[in-house]
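Novice: Next up is a structure, given as structure tokens.
The values are calculated or read from the model by the stated rules, or taken from the named source; none is laboratory data. Note that the structure is predicted; figures quoted are calculated from it, not measured. Cβ: placed from backbone, ideal geometry, glycine included. Neighbour counts: every protein chain shown.
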Amino acid sequence: MRLRAVLVMGCIHNYRGDGTFSLASIAEELQQKITANKVVIFSSSSCPVSTRVKTAFEDLGLPYHAVELDQQLHGKKLRETLYRMTGTSKTPTVFVSGRYMKNVEAPLRSGELAHWVSSESVPMLVSGKLVVK
């Protein structure tokens with residue numbers, strides 16, 4: 001089967017010609033987006049929680065890169081790949097300094113997230129507890 005390069009999320013993906021994309025290439029491109037940006041928010045344009053989180057980042061003056069899954073050519077595959085990476089299919093799915101933030105709303109409200117974005121120490125969830133590494 002012949003593969004063609006196609007632009008999705010501003011990135012080149014291997015397109016199989018049968019209407020599908022390689023999940024491996026999508027996972028690789030997602031990882032590149034996560035690595036290349038301090039904050040990445042995978043969201044849905046119609047999701048009120050996604051809108052609240054993006055607005056909170058803007059209100060705090062924290063820059064972020066947003067990927068609207070419902071506006072992508074293969075948003076279902078992107079969402080499936082995010083689910084494999086994080087264990088959730090809910091939006092927003094937020095990564096700070098390459099780490100998945102399971103519950104981003106609480107640290108946004110408390111101001112902790114602004115500190116995490118501006119520092120190199122980002123907590124991660126280990127056995128149900130936040131650990132800073």
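Novice: Give me a count of the residues in the stretch 38-85 that are of a type in the set (Phe, Trp, Tyr) and part of a loop (DSSP other than H, G, I, E, B). Write out each step before concluding.
Specialist: Initial filter on the stretch 38-85 (of a type in the set (Phe, Trp, Tyr)): 42, 57, 64, 83.
Filter once more, so that each one left must be part of a loop (DSSP other than H, G, I, E, B): 64.
Residues meeting the conditions: 1.
Novice: Name the residues in the stretch 24-53 that are under 23 Å from Trp116 (Cβ atoms) and either at pLDDT below 85 or surrounded by fewer than 19 Cβ atoms within 10 Å (Cβ to Cβ) (or both), would you? Explain how you work it out, then say what you get.
Specialist: Of all residues in the stretch 24-53, those under 23 Å from Trp116 (Cβ atoms) come to 30-43, 47, 49-53.
Within the stretch 24-53, Gln31, Gln32, Lys33, Thr35, Ala36, Asn37, Lys38, Cys47, Val49, Thr51, Arg52 meet the criteria.
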